[in-house]
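Take a look at the structure set out below.
The values are calculated or read from the model by the stated rules, or taken from the named source; none is laboratory data. As the structure is a computational prediction, the values presented were derived from the model and not from experiment. Methodologically, a virtual Cβ is constructed for each residue, glycine included, from the backbone with ideal geometry; neighbour enumeration extends over all protein chains shown. The area values use the complete protein model at the heavy-atom level, side chains included, leaving out ligands, DNA and RNA. Shrake-Rupley method; radii C 1.70, N 1.55, O 1.52, S 1.80 Å.
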Amino acid sequence: MLYRVLGNTGERVSAIGLGGWHIGLKYVEEELGIRIVHAAIDRGINFLDNSWDYNGGVSEIRMGKALRGYRDQVFLMTKIDGRSKKEAAKQLDESLKRLQVDHIDLVQHHEIIRYEDPHRVFDEEGANAAFIEAREAGKIRYIGFTGHKDPHIHLHMLEVASERGFRFDTVQMPLNVMDAHYRSFAKLVLPELVKQNIGVLGMKSFANGILLKSNTVTPIECLHYVLNLPTSVLITGIDSMEILDQAIEAVQTFQPMDEQQMQHLLAKTAAAASRGEFEPFKTSSIFDSTAQNPDWLGEEPQRLQKLMPA
């Protein structure tokens, strides 16, 4: 396994991270989901991804069962949807119970996909206040955020955080062989994270398999491309032992690519990627779980609600 340092945290994490969504899917039996987690850890993967909303909590519950006897071997991450302090604190406590742990290494604000999200998170009654209190209480160690919609919203989140005197430990975003051609996180956000030494978490390297339907690149090429970027961790969904083998193979066969090799690989996807057709998380709402479940975000502060007529 290849290990990298997670931004300025000093944490040593595996270059491949196990995505939590897939282990809780209906077609994945619980026994298999737990076996995948154990096998991944045994093969050197120590970064585990999850979210409070994945599969109605099933993903966290299964991971919690899998972590019995393994907790000290992993760097555990989950995500919280709540934008209000009250809702974020509630969801965080639920995640701790499901995961059966007394602390989570990294908790991230999930789906920062709207321009108002940063302001809600950093309101005095917002979710980040809950995160900071949880960190002071020892419930969490590090704080980050995720999003998949638009790199400019990521930059806005970083800007709003900076204005509030806050610095994130990690940022999670789509990084794949098509991203470079359309509304690119790699071109716009990645350099800023490297500059600030913030841990880079890549996701959607296959776009849930949609990217592969373009028939332009192989799965191994997809993984090698992201591993060649200055990422700390490439988080990938694993729903079978065969897909786990594929992820391990990608690490074992990875060799750093020069600029010419990278451009050759990107040229394969240029035409297919030009309009975002194979990255529907950028161009549609089908990946936006908080849009489909707005109640997860929590209420706006009362002082704002009073601005509107009854």
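Across Ile243, Ile235, Ile198, mean-square fluctuation computed from a Gaussian network of the chain (C-alpha pairs under 10 Å connected) peaks at Ile243.
Adding -39500 (n - 2.57) for every DSSP H run of four residues or longer, then dividing by how many residues the chain holds, sets the calculated 222 nm ellipticity at -11500 deg cm²/dmol. The base-10 log of I(q)/I(0) for region 36-87, evaluated at q = 0.23, 0.25, 0.26, 0.31 Å⁻¹, reads -0.87, -0.97, -1.02, -1.25 [Debye formula, identical scatterers on Cα atoms, solvent excluded]. The accessible surface of the chain, taken with every protein chain in place and a 1.4 Å probe, is 51 percent carbon and sulfur. The antiparallel fraction among DSSP beta bridges confined to the chain stands at about 15%. Between the listed residues Met308, Ser285, Leu211, the Cα displaced farthest toward the positive end of the dipole of region 196-310, a dipole computed from Cβ unit charges relative to the Cα centre, is found at Met308. For region 91-168, averaging the sequence separation of C-alpha pairs within contact (under 8 Å, six or more residues apart) and dividing by the residue count gives a relative contact order of 38 percent. Relative contact order of region 195-310, taken over Cα pairs closer than 8 Å and 6 or more residues apart, is 25 percent. Shown for the chain are the DSSP H helices of 15 Å or more along their axis, judged by Cα atoms, with a mean Kyte-Doolittle hydropathy of at least 0.0: 30-42, 151-163, 241-253.
Dividing the mean sequence gap of close Cα pairs (under 8 Å, 6+ apart) by how many residues the chain holds gives a relative contact order of 20 percent.
Subtracting the Cα-Cα distance of His119 and Glu94 from their residue separation scaled by 0.36 nm leaves 6.6 nm.
Taking every alpha-carbon pair within region 102-244, the share separated by more than 26 Å comes to 28 percent. Quick one: if the Förster radius is 35 Å, what FRET efficiency do Leu307 and Leu25 give, using the C-beta to C-beta distance and rounding to 0.05? Computed FRET efficiency for Leu307 and Leu25 comes out at 0.25. Solvent-accessible surface of region 173-310, taken per residue with a 1.4 Å probe and all protein chains present: 48 Å².
For Lys268, the lysines whose Cα falls under 17 Å of its own Cα, not counting residues fewer than eight places away in the same chain, are Lys213. Within the same chain, lysines fewer than 8 places from Lys306 are excluded, and of the rest, those with a Cα less than 26 Å from its Cα are Lys85, Lys86, Lys90.
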